[in-house]
Amino acid sequence: MPKHFLTILDIPRDEAKQVLLRAKEMKDNKVRTDLLAGKTLLLIFEKASTRTRVSFEVGVRQLGGDPVFIASKDSQLGRSEPLKDTARVLSRYADGLIVRTFGQEKLETLVEYGDIPVVNALTDEYHPCQIMADMLTMYERTPNLEDLKVAWVGDGNNMAHSFINGSATFGYELVIACPEGYDPDPKLLDIGVNAGAKVSVVRDPAEAVCGAQYVNTDVWASMGQEEEQKKREAAFAGFEVNAALMAGAADNAKFMHCLPVHRGEEVSEAVFESPASIVWDQAENRLHMQKAIIEWIYK
Ligand code: CP
Ligand code: NVA
């Protein structure tokens, strides 16, 4: 049976720590291997990407494999060829699928009809590769992840859902502040809580941030929600992560953002460009962590 990585919870808790340590080793020792020699991994993207696409293409090469990128709009998927047919065809050419798409159920269809590993490169529901990289970014500064308070300020979106699962796996306390109507999906919150996440949802950003070592946010309108931008700007008034909000966090607290950012909306220019901001390390760690995740799948 192939291994898949659709959410963080696909990696058993004890193995997740090993994956994190391996990603750190990959980074520190600039690890290159031939694990994927002779293997081709297909990247199928239905949404735009800079970091995820490039870090996967580079990472697959650094593990000795061949990445092939397919923009879905240029393939027959863009002309409505069913995913279940695509899954069976691509399984005969390649050794893995790295997929950025809309609904998580599309990944489940690829798993059901294909017979090669499927990796979630972002869906409407989750962004597990990003959060695993974020775990590495926090671990590098504070290895005791289970003792941390992490704040999420903003939309209860794919990133928030993955931070919930991250709490279940790595043990930190997560406090999410979001406006009414923009809560995490209750079903996904339940999945995280049932897996052991220590999470609460509040309305006041200052309450979420109070004493937190890490303050996270993300765009207010995710890919696919562009037409809601104006409505969301109004709903999220007061949710900007700015210097006043950061002042309530723990001493030496860090600001995190998966990027791309909307400066002056979810975060002020001053906080984003401040020494507290660790966003470039987060972006770099995508490469190292994804190599470790691929190794977890193929080794
Ligand atoms: N953070 C992230 O996933 O960035 P991209 O959309 O550029 O891949
Ligand atoms: N929540 C954002 C994350 C982008 C990396 C989105 O889905 O567009």
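The numbers here are math on the coordinates, done by the rules we state, and not lab data. None of these values were measured; they are calculated from a predicted model. FYI the Cβ positions are ideal-geometry reconstructions off the backbone, even for glycines, and counts take in every protein chain you see.
Before moving on, here are some points about what is shown:
- Nearest 10 degrees, 0 to 90: helix 51-62 Cα axis against the chain principal axis: 50 degrees
- Prolate/oblate/rounded call for segment 115-185, Cα gyration tensor, a/c under 1.5 rounded: oblate
- Computed over segment 48-109, Kirkwood Rh from alpha-carbon pairs, angstrom: 12.9 Å
- Interchain or long-range residues, amide H under 5 Å from ALA212's placed H: ALA250
- 5 angstrom amide H check on VAL68, placed H, neighbours 5+ away: LEU41, LEU42, LEU43
- Sites matching trypsin sites (Lys or Arg not before Pro) across segment 181-241 that sit in DSSP coil, with at most 16 neighbouring C-beta atoms within 10 Å: ARG203
- For segment 35-75, the fraction of C-alpha pairs more than 12 angstrom apart is 56%.
- Derived scalar couplings ³J(HN,Hα) [segment 151-157; Karplus, 6.51 cos²θ - 1.76 cosθ + 1.60; whole Hz; x for Gly, Pro]: 9, 10, 10, x, 6, x, 9
- Distant-in-sequence amide H partners of ALA177 (H built 1.01 Å from N, under 5 Å): TRP152, VAL153, GLY154, VAL202
- Coil-residue trypsin sites (Lys or Arg not before Pro) of segment 1-69, DSSP, other Cβ within 10 Å capped at 13: LYS30, ARG32
- Helix-only [θ]222 nm of the chain, DSSP H runs n ≥ 4, -39500 (n - 2.57) each, per residue, nearest 500: -12000 deg cm²/dmol
- Here LYS230 is the anchor, and the aspartates and glutamates within straight C-alpha reach of less than 13 Å, apart from those fewer than 8 places off in the same chain, are GLU265.
- Measuring max minus min along each principal axis, the C-alpha atoms of segment 229-274 give extents of 34, 20, 15 Å (largest first).
- Remark: spin-label model distance ARG203-ARG92 equals 5.7 nm, labels positioned 7 Å along the Cα→Cβ axis.
- The string of couplings for segment 216-229 from the Karplus curve (6.51, -1.76, 1.60, θ = phi - 60°) is 10, 8, 7, 4, 7, 10, 7, 4, x, 10, 4, 6, 8, 3 Hz, one whole number per residue in order, with x for Gly and Pro.
- q = 0.07, 0.14, 0.15 Å⁻¹: log10 I(q)/I(0) that the Debye formula gives for the chain, counting C-alpha atoms only: -0.25, -1.02, -1.17
- Look at the alpha carbon pairs under 8 Å that are at least 6 residues apart: their mean separation over the length of the chain gives a relative contact order of 20 percent.
- When you filter the GluC sites (Glu not before Pro) in segment 158-250 for DSSP loop state and at most 13 other Cβ atoms inside 10 Å of their Cβ, you are left with GLU180.
- Rounded, prolate or oblate (a/c below 1.5 giving rounded, otherwise prolate when a/b exceeds b/c) for segment 209-299 by Cα gyration tensor: oblate
- Annotation for ASP190 and ARG79: the two label points, set 7 Å from Cα along the Cα-Cβ direction, are 4.2 nm apart.
- Global geometry of segment 4-73, whether rounded, prolate or oblate, following the gyration tensor of its Cα atoms and the 1.5 cut on a/c: oblate
- Cross-link partners of LYS39 among lysines, defined as those whose alpha carbon lies under 26 angstrom from its own and excluding same-chain residues fewer than eight positions apart: LYS3, LYS24, LYS27, LYS30, LYS47, LYS73, LYS84, LYS106, LYS291, LYS299.
- For segment 28-150, the residue among GLN104, ALA121, LEU148 whose Cα projects farthest onto the positive side of the dipole built from Cβ charges is ALA121.
- Hull volume in cubic angstrom per residue (convex hull over the Cα atoms of segment 159-199): 55 Å³
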